[in-house]
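Worksheet for the structure shown next.
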Amino acid sequence: MECQKARILIVDDNLELCQMIENVLLQDGFLRVSCCLSCEEARELLGESQWDFIILDVNFPGENGFHFFKELKAKKDIPVLFLSARDRDEDRLTGLGLGADDYMTKPFLPKELLLRVKAILRRTYRGSEKEEEPLKIGGREVDLEAGVVRLAGGLPGKGREIPLTNKEYQLLKLFLENRGKILTLDFLAETVWGSNYYGYENTLMVHIRKLREKIEENPSSPQWLITVKGLGYRLNR
Amino acid sequence: MKSLIKIYLKYVVSVVVIAFVFFFFQILLTLYVGVKLNLNEGPAEGRKVYARELASVLESGAWTEEQIEGILAEAGAEFAMVLDQRGEVFLRFGLPRELDHRYDAGTIASFARWYLEDYPVTCWDMNGNLLVIGYPKGSYWKYGVVMTTDNLSKYMMMLAIGLLASAAFTLVLIIGFGFRYYRKMKTVVRAINDLSREKAVWLQETGTMGEIGKSLNQTSRILARQRETLQRRDEARTSWISAVSHDIRTPLSLIMGYGEILEQRPSLDEDSRKKAGIIKEQSLQIKELIEDLNLTSKLEYNMQPLRKETVCLSALLRKAVAEAMNRAEEEGAAYPIQLEIAQELEGKTVQADGQLLLRAFRNLLNNAVKHNPDGCAVSVRAAAEKEKRENGEQMVWADLEFYNSGNGLPGEIEEFINRGAEPDSGTHIMGLRIVKQIILAHGGEISARTDGIELKIPL
């Protein structure tokens, strides 16, 4: 299923806001977007037809979006993004804890909302989506599905596949997801080794060096996976 | 409580001093009076003078009745007689009839020492004859002391022991009574201490300290009421701000959203798109402002509970710096950040609200970017610092410095950070106010100089 064909329901008690979101989604190419102003209406609409995504407010007069979400989750498995004026951490944690796919606070930028909606849709309906662009690092392609780095054209040994170890795979995935950003030593070590990561800095260095051997032309003077002194590492775009 | 013990000791010392002064004064007085009466005008001495005078007059042989009577009257005596060696009365002046008889040696020895038929008498040797001068009954008191020297020293010893014992007893009384008052005062002082720590107190309203207790109880009630009123007002203010910042979110979403939509609408001309962009940017700022306002009011009135967790300061700093560097790349201007974390701080954890601390670090780093649009070099240094407190306690601080080579902090803001002086309303200090509140809420310290801020967080 293509993103744009997804049926999206916006539930918010403010009509103007509903219209704006509808507008933004339609502008971006989404084809089937509807909105309603209360959980009551939403229940009816959900009963009538099939929906692929719900953007849900939390505060409704007389009803609570969390409550509605729980009831919904028990019946159907539809991805939900909370869009709420409640910005306390507790609310965020409640929303995500109940199993929502994302939690955004108002005020928000429409662009960010679009990105998040699309990301969730991609994640949820990945199987039916068309092939993703291969991830490239210089002259090499990374195939995360297969867990290998492939040497692309123009290089000696074209098409050769270099397998990644488990830790290298985890690290490379993090770098690719946050490409161009500095990732701190702590973040990397914690993601790979868990919360008790102290003392893993040296091990991390070893893994980075091994990873460089697989993705860099010249591992001793890296072009892509750069050390940021005292902070961490960055995978250049 | 220390001062109270001092007061108590001072009281004991002063009472003891007073007792000694009193005692010595008494002794001096006794000595003075005794000397005055006994040596100069003492009755024994006076009587001797008259006896000598009378004896010499009688011995001279040339005397008259009147002369003798005159001397007797002057001495205040009632009678006089002279006994010869056999005890016969051969001269008599105003001698009562019952005394006019012969005296044997035993009687003479007795009255010379004590009384003659209850008349106090003075005897004087007159060439073998005895001159006896009798005074009115009850006019003199005579007492002879005879003691062995052994007994005398025992007697003196007993006197000294008695004196010491009574002094000790007095001292015990002084200390005992003082202690009773000390104990009563202690409860009062403790109550005052509690009041100053915002605790409620209740004291007995009867007894010596009843009145003080009553007024302290009343003070406690008044303070409690004021605290409650203040707290209710603070809560009202905080929830009001929280409500406003909640309600403003939906309208702001619309302003921000349409601003962005218009900014990106290709059909609009360049100028209008730019203006729409400004609307978006400014509403983003309003968003930040209301979030800051909400947080600062919660921190100010302690309505933001610290969600304490085990936080690694060096990791948190690296996170904040990495974020700032990632963002600075988008800003265009150059903000090189130099991060130095001392080895001893590596892996050190504190119990703290990590989100809030991260917020503080972010604000400090953002300020460097926000107030130096042309770029500046930022330096972040972190080290552990030991400090010996006055009470001997050893404090270990994480010392975090955020300095930059930019325009520098305005003097007003330095004043606000270092001395808490509120700057004029024109100066925007929300970000630093939040930093200060967060650091203080963690028991830390904050200080400012022109080129940056220094934080101290207890480890």
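Quick notes on this one:
- Take every Cα pair under 8 Å whose residues are at least 6 apart in sequence, average their separation, divide by the length of segment B:306-458, and the relative contact order is 23 percent.
- Summing Cβ point charges (Lys, Arg +1; Asp, Glu -1) relative to the Cα centre of chain B gives a dipole of roughly 1440 debye.
- Expressed as a fraction of 2.2 N^0.38 Å, the value expected for a compact globular protein of N residues, the C-alpha radius of gyration of segment B:306-458 is 1.03.
- In segment A:135-235, the C-alpha radius of gyration followed by the widest Cα-Cα span (Dmax) gives 13.3, 43 angstrom.
- Given charges at beta-carbon only (K, R positive; D, E negative), |dipole| of segment A:138-225 in Debye: 220
- Chain B: proportion of alpha-carbon pairs further apart than 45 angstrom, %: 56
- The protein assembly as shown - Rg over Rh from alpha carbon coordinates, Kirkwood radius: 1.47
- Using Cβ point charges alone (K and R +1, D and E -1), the dipole size of segment B:163-272 about the Cα centre works out to roughly 1520 debye.
- Apportionment of accessible area to carbon and sulfur, chain A, percent (1.4 Å): 49
- Bridgeable lysines around A:Lys5 (alpha carbons under 30 Å apart, same-chain partners fewer than 8 residues away excluded): A:Lys70, A:Lys73, A:Lys75, A:Lys76, A:Lys106, A:Lys111, A:Lys118, A:Lys130, A:Lys136, A:Lys173, B:Lys280.
- Segment B:209-241 and segment B:107-145: distance between their alpha carbon centers, rounded to Å: 88
- Ordering A:Leu121, B:Ala80, B:Ser14 by Cα displacement along the dipole of the protein assembly as shown toward the positive end leaves A:Leu121 in first place; charges were set at the Cβ atoms of Lys, Arg (+1) and Asp, Glu (-1).
- In summary, the aspartates and glutamates within cross-link reach of B:Lys142, defined as a Cα separation below 13 angstrom excluding same-chain residues under 8 places away, comprise B:Asp118.
- The residues of segment A:6-112 expose, per residue, 43 Å² of accessible area to a 1.4 Å probe.
- Every pair of different Cα atoms in segment B:99-182 enters the Kirkwood calculation, which places the hydrodynamic radius at 17.5 Å.
- Compactness of segment B:41-143, taken as the C-alpha radius of gyration over 2.2 N^0.38 Å, stands at 0.98.
- The helix-based estimate of mean residue ellipticity at 222 nm for chain B, built from -39,500 (n - 2.57) per DSSP H run of four or more residues and divided by its residue count, is -20000 deg cm²/dmol to the nearest 500.
- For segment B:210-296, the Rg and Dmax computed from alpha carbons only, in angstrom: 24.4, 86
- Axial C-alpha extent at least 18 Å, average Kyte-Doolittle at least 0.0 - helices from chain B (DSSP): B:2-35, B:149-196, B:249-263, B:354-370
- Total buried accessible area between B and A, probe 1.4 Å, nearest 100: 2700 Å².
- Under 22 Å from B:Lys308, Cα to Cα: lysines that are on another chain or at least 8 residues apart: B:Lys298, B:Lys319, B:Lys348, B:Lys436, B:Lys456
- Helical mean residue ellipticity (222 nm; -39500 (n - 2.57) per DSSP H run of 4+; nearest 500) of chain A: -12000 deg cm²/dmol
- Options B:Val132, B:Pro120, B:Phe90, ranked by Cα towards positive dipole end of segment B:1-146, top entry (Cβ charges): B:Pro120
- Chain B: relative contact order in percent, alpha carbon pairs under 8 Å with at least 6 residues between: 9
- Segment B:137-288, relative contact order in percent, only Cα pairs under 8 angstrom and at least six apart counted: 11
The values are calculated or read from the model by the stated rules, or taken from the named source; none is laboratory data. In this text the structure is predicted, and so the values were computed from the model without any measurement. Please note: Cβ atoms are built from the backbone with ideal geometry, for glycine as well, and neighbour counts cover all protein chains shown. We work out accessible area using only protein heavy atoms, side chains counted, and drop any ligands, DNA or RNA first. Shrake-Rupley method; radii C 1.70, N 1.55, O 1.52, S 1.80 Å.
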